[in-house]
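Please treat every number below as a calculation from the coordinates, not as lab data. Just so it is clear, the structure is predicted and the values come from calculations on it, not from any experiment. Note that we place each Cβ from the backbone using ideal geometry, even for glycine, and neighbour counts take in every protein chain shown.
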Amino acid sequence: MSITGGCQCGAVRYRAESLGRASICHCRMCQKAFGGFFGPLVTGVGLEWTRGEPRWFESSNVVRRGFCAECGTPLTYDYGGEEIEVAIGTLDNPELAPPVIQVNPTDKLSFFEALHALPWREPGAGVEAFMASVKGRQHPDHDTDRWPEGTS
């Protein structure tokens, strides 16, 4: 069974034979590349591009990062090893890659450890109405023959 994933707009899709170690990287480059507090990555064993290919940015002298040139989704971390790591959130089923290790603690943001204790915003009529009005343009979490729908 292959594991699939891709970017938000569907221009870049991939398949992997299996997944390796999943991690959370706290380095400043991952924070910037993901626009978040950390970079969630998992090794994509036997990774192949099934629609389009990523553009690449050399974020250091030893690492290049792949992203979708159409929508900007961060896709990969390539350090020149045998396998490329993919962003966990780009998997069609991110539940397949629960992180098992954290790396680069020096750059970990000071408030990271307390995030789990933040209160949840209770849904109200305004939030529910807004969410009901959202019509997503995101590629579905499975392979498609074409995307967006109705294109050839």
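Annotation: of all residues in region 59-90 being touching a strand residue (DSSP E or B) at 6+ places or on another chain (Cβ under 7 Å) and polar (S, T, N, Q), the one that is farthest from residue 142 (Cα to Cα) is 59. The residues listed here are 73, 90; of these, the one that is touching a helix residue (DSSP H, G or I) at 6+ places or on another chain (Cβ under 8 Å) and either among the hydroxyl-bearing types (Ser, Thr, Tyr) or more than 18 Å from residue 24 (Cβ to Cβ) (or both) is 73. Scanning region 1-18 for residues that are buried (at least 19 other Cβ atoms within 10 Å of the Cβ) and within 13 Å of residue 96 (Cα to Cα) gives 3, 5, 16. Inside region 32-51, residues that are out of contact with any strand residue (DSSP E or B) (no Cβ under 7 Å at 6 or more places or on another chain) and surrounded by 14 or more Cβ atoms within 10 Å (Cβ to Cβ) make up a count of 1. Here region 15-49 is the region considered, the condition is being touching a Gly at 6+ places or on another chain (Cβ under 8 Å) and of a type in the set (Ser, Thr, Tyr), and the residue that is nearest to residue 90 (Cα to Cα) is 43.
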